[in-house]
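Only the coordinates and a few stated rules stand behind these numbers; no lab work does. Predicted, not measured: the structure shown is a model, and the values here were computed from it. As a convention, Cβ positions derive from the backbone with ideal geometry for all residues, glycine included, and neighbour counts pool all protein chains shown.
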Amino acid sequence: MKKMLVLSVAVMLLLSACAPNFGEEEELVQETDSDTKKKAIIPKYNISDQYYKMVLPFEAGQARGLVADNLNTRLDIDEFETGLMRIAQDTFSTEEYGFKEGQVLDAETIRSWLSRKKEGAALEEAKEKDKEFKNLGLNPPTSNAETAKAQSEESPIYLAHILEHNYFKRKNEETVEFGGVVLGLALNSVYYYNQEDGYPRQRPISDSEIRAEGEKIAAEVVKRVRAKKGMENIPIVIAMYKQAPKSSIVPGNFLTKAEVKPGQTNIGDWKNLNEEHHFFPSPEATKAYRDDASTFDRFKNEIDEFFPNYTGVIGKGFYKDGELQELKIEIPMQFYGKTEVIAFTQFVTGKIMEFFPDYLNIEVDIHSTGGPEALIVRKPNQEKPTVHIFE
């Protein structure tokens, strides 16, 4: 493993009061719906205010691994999971709540909900094969035009995955209790299918169609979750995520969210989240956010002019309500020596300070064929970036 050499610009930050707290863990009791109690440990250490403390001992989610099977790309997997935690913070603060992976919905339940609803002969056949068959599929039934070999664009698969996160809060000095659940519905923006000729087809799904079908699915999901033991009076947050096409170089985005109050099954008003991801440089980013795209191009051109031995600069921007919130930049370079890496990193750091506003969350990854060479991180309103040179 490579050691890290920390440049002087990071020293004061690492010694400041904003450094993580390495205090002792706090041991409490967790109440369960079966009136039994078990030990719960709340770590004192938290790597960032952006993340929740994990309630220990660690319990893997009941549907562990399904998200990787059901989503198209690693980009979507990461954004779906971390974005759902970001959405949770509007209701369950990181200061008051701890996090656990989903314990209410198991893998078998989620698989059954992700399937197609069965009708007619298909339903009768399923009942003959399994006398205890429950018709729980939340995706639409197959159309009359579909056969064993051919599928139809008339009946797309809308729901790709259901992700559950659990949140615990302190009840008193000695006890924590289940305080809330957040549910993410990953919905397809493209339906991929095959026709009888064997060639793959695809059918785009509009945002309006995603929202309309997603709201129907969400209403049924909330109804079913509320009916589970111990969930009668737990606050529920549910959010719709639009999965990007398989060929996308950026992840999808959350479209909307809603809250369900304790004891209720009716979903309140849906709130638009207005989130976007854009790749720099790209025609799409230039069309959507010309000023930001121009700034990135000027930043890139400065590096082009002074350090020719690198292979390009790319960026991925996260937008919220039309404002750039986070920019992750990757710079691959040819390695000719450590002093050149240091000089290059210092130059890039200066350009980050020059071109990008201080309210922006920026991360710059400089790497070569040999691995990571440097990392530059600047948090919002941070006076100086934190910079690491890898040895």
Based on the alpha carbon coordinates of the stretch 193-324, what radius of gyration and maximum Cα-Cα distance (Dmax) apply, in Å? 20.9, 64
Compute log10 of I(q)/I(0) for the stretch 279-390 with the Debye formula, placing one identical point scatterer on every Cα and leaving out solvent, at q = 0.11, 0.12, 0.18, 0.24 Å⁻¹, to two decimals. -0.33, -0.39, -0.88, -1.47
Per-residue counts of other Cβ atoms within 10 Å, averaged by peptide: what ranking do you get for 123-132, 325-334, 354-363, highest first? 325-334, 354-363, 123-132
DSSP beta bridges in the stretch 279-390, what fraction antiparallel, as a percent rounded to 5? 75
Subtract the Cα-Cα distance of E177 and F335 from 0.36 nm times their separation in residues, and report this length gain in nm to one decimal. 51.6 nm
Please work out how much length the chain gains when fully extended from E108 to H367, using 0.36 nm per residue of separation minus the C-alpha to C-alpha distance, in nm with one decimal. 89.0 nm
Of the listed pairs K53/K117; K171/K271; K134/K271; K320/K351, those with alpha carbons more than 27 Å apart are K53/K117; K171/K271; K134/K271
